[in-house]
1. When the scattering of the stretch 44-127 is computed by the Debye formula from its Cα atoms alone, each counted once and equally, what is log10 I(q)/I(0) at q = 0.22 Å⁻¹?
2. Applying 1/(1 + (r/R0)^6) with R0 = 30 Å to the Cβ-Cβ distance of residue 133 and residue 88, what FRET efficiency is obtained, to the nearest 0.05?
3. Find the accessible area per residue for the stretch 91-135; the probe is 1.4 Å, ligands and nucleic acids are left out, and the unit is Å².
4. Assuming 0.36 nm per residue, please report the length gained on full extension of the stretch residue 64 to residue 110 beyond their Cα-Cα distance.
5. May I ask you to compute the full-extension gain from residue 78 to residue 119, defined as 0.36 nm times their residue separation minus their alpha-carbon distance, rounded to one decimal in nm?
6. Out of residues 5 or more away from residue 45 or on other chains, whose amide H comes under 5 Å of its own, with H placed 1.01 Å from N in the peptide plane?
Amino acid sequence: MHRALTFSRRSGLPLLAGLGALALGFAAPVMGGTINSDLQIGAGKTFELGGGQEGAFAVTGRNTGPVAVEVLGRAEGSSAAQVRGTVAPGGEVNAKFASGEMALLRNTSAMRMARLKLKVSGDTSALGMTYSDNP
């Protein structure tokens, strides 16, 4: 099986792995801790994190892959996403998202896998996670 995501938490809870659960909108059972992730985003895909959560969260880390990743935010109740920036290979991401806001990490390549090493902190207790096709 191809491992798409691996999360670990400082609280010592078991590791979560598997694209299937995340693609179904699995909400990570983290009680406000930190999520560490070796995230892979398929070609032509966007990773969606959060949306509707009570508190704010932050995403920090590095683009460890061969393609640029666009970082966007979509406010609760909005259909339009706002571009926060693009993270080149080797570049760093440091983005904050407000209560209810969704983080969108978009693979800019239609041919190659994107990879990021991320830390998600703040209100992580009810962050939904899924993938969607790029618009």
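The values are calculated or read from the model by the stated rules, or taken from the named source; none is laboratory data. Quantities reported herein were computed from a predicted structural model and do not represent experimental measurements. For neighbour counting, all protein chains shown are included, and Cβ atoms are generated from backbone atoms with ideal geometry for every residue, glycine included. Surface accessibility is based on the protein's heavy atoms, side chains included, excluding ligands, DNA and RNA. Shrake-Rupley method; radii C 1.70, N 1.55, O 1.52, S 1.80 Å.
1. With no solvent term, the Cα-only Debye profile gives -1.00.
2. 0.85
3. With all protein chains present, the stretch 91-135 gives 49 Å² per residue.
4. Answer, rounded to one decimal: 14.8 nm.
5. 12.2 nm
6. 107, 134
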